[in-house]
1. Go through (1) open to solvent by 60 Å² or more (accessible area, probe 1.4 Å); (2) assigned to a loop (DSSP other than H, G, I, E, B); (3) closer than 27 Å to Tyr213 by Cα and name the single condition Arg186 misses.
2. So Val133 passes all but one of these: (1) within 16 Å of the ligand (Cβ to nearest atom); (2) loosely packed, with under 15 Cβ neighbours inside 10 Å. Which condition number does it fail?
3. Considering only residues of the stretch 74-107 that are within 16 Å of the ligand (Cβ to nearest atom) and under 19 Å from Asp33 (Cβ atoms), which is farthest from the chain's Cα centre (by Cα)?
4. Is there a residue being open to solvent by 80 Å² or more (accessible area, probe 1.4 Å) and under 30 Å from Gln101 (Cβ atoms) anywhere in the stretch 166-173?
5. Any idea which of Leu126, Leu198, Leu178, Leu134 is at pLDDT 95 or above, under 21 Å from the mean Cα position of the chain (by Cα) and closer than 23 Å to Ala63 by Cα?
6. Please go through the stretch 142-165 and give me each residue that is without any contact (Cβ under 8 Å) to a residue 40 or more places away in the chain, assigned to a loop (DSSP other than H, G, I, E, B) and either among the polar types (S, T, N, Q) or surrounded by 15 or more Cβ atoms within 10 Å (Cβ to Cβ) (or both), ordered by number.
7. Looking at the stretch 116-130, which of its residues are open to solvent by 80 Å² or more (accessible area, probe 1.4 Å) and within 16 Å of the ligand (Cβ to nearest atom)?
8. For the stretch 1-110, list the strands (runs of 3 or more DSSP E) that sit wholly inside it and hold at least 3 residues that are open to solvent by 50 Å² or more (accessible area, probe 1.4 Å); which are they?
Amino acid sequence: MSRPGPLGVFGGTFNPVHYGHLRSALELVERLDLEELRLMPSALPPHREAPECSAQDRAAMVALAVAEEPRLSCDDRELRREGPSYTFDSLAQLRAEIGAQRALCMVLGCDAVLDIESWYRWSELLDLAHIVVLARPGWALPDQGVVADWLHDNALADEAALHAQPRGGILVQELRPLDISSTEIRELLAAGRSIRYLMPQSVLDYIDARQLYR
Ligand code: ATP
């Protein structure tokens with residue numbers, strides 16, 4: 001019996017989700033031949049969150065955004081867990097659910113990689129999953145230091161290598177660059193400007209209906 005294809009998980013704040021996230025997610029599914037990719041919103045500590053946008057709203061927008069694409073979904077486990085949202089804990093849970101043999105890939109933008117040294121048990125993440133790093137307009141990966149060495153020492157040769165083992169490697173991917181950020185979307189909304197065409201209409205309608213980010 002053939003083993004199921006790799007499961008991907010794309011963590012982030014998604015405050016709110018936009019086409020930069022969504023198009024990258026879909027292109028990654030096709031490029032790496034992932035069986036599915038889950039967008040996993042983090043539950044932020046209250047001091048970092050705009051009061052008008054709860055974790056539940058962020059997850060609801062992700063769920064709306066991926067509703068029509070069967071290979072993408074919203075995984076809200078970090079909202080259902082007490083305490084801080086450690087990626088290590090989420091990957092450990094996912095690994096326990098899918099067993100030791102199936103490939104698991106944690107997707108990170110390269111801005112997230114820059115501060116990965118501060119993450120809880122960061123050096124053990126590769127014991128649980130592969131890491132796929134997305135290039136992002138305006139950001140570069142470190143070329144020296146501990147994180148640069150970690151990227152280099154664990155680099156996978158190609159997509160086939162990612163399929164051949166369940167965890168432990170790092171693959172950097174350059175996808176279609178889309179220079180969209182949630183920060184800019186929040187700024188546009190606060191200034192009363194339009195955010196149309198930066199995200200699916202369903203998400204836009206949700207933001208309008210709840211008057212988020214005004
Ligand atoms: P903010 O502006 O609030 O920091 P963001 O747009 O960076 O938000 P996040 O929710 O922080 O969005 O991003 C989740 C993940 O998606 C991160 O790993 C980030 O690097 C990646 N990402 C976000 N926007 C893009 C984009 N336009 N292209 C590629 N990757 C992206």
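1. Failing condition for Arg186: (2).
2. In the conditions (1) within 16 Å of the ligand (Cβ to nearest atom); (2) loosely packed, with under 15 Cβ neighbours inside 10 Å, Val133 misses (2) alone.
3. It comes out as Cys105.
4. Within the stretch 166-173 (the criterion being open to solvent by 80 Å² or more (accessible area, probe 1.4 Å) and under 30 Å from Gln101 (Cβ atoms)), the answer is yes, since at least one residue qualifies.
5. Leu198
6. The answer is Pro142, Gln144, Asn154, Leu156.
7. Listed by number, the residues that qualify are Glu117, Ser118.
8. none
The values are calculated or read from the model by the stated rules, or taken from the named source; none is laboratory data. Everything numeric here is computed off the predicted structure, so don't read it as measured data. FYI the Cβ positions are ideal-geometry reconstructions off the backbone, even for glycines, and counts take in every protein chain you see. Heads up: the accessible areas ignore ligands, DNA and RNA and are worked out on the full protein's heavy atoms, side chains in. Shrake-Rupley method; radii C 1.70, N 1.55, O 1.52, S 1.80 Å.
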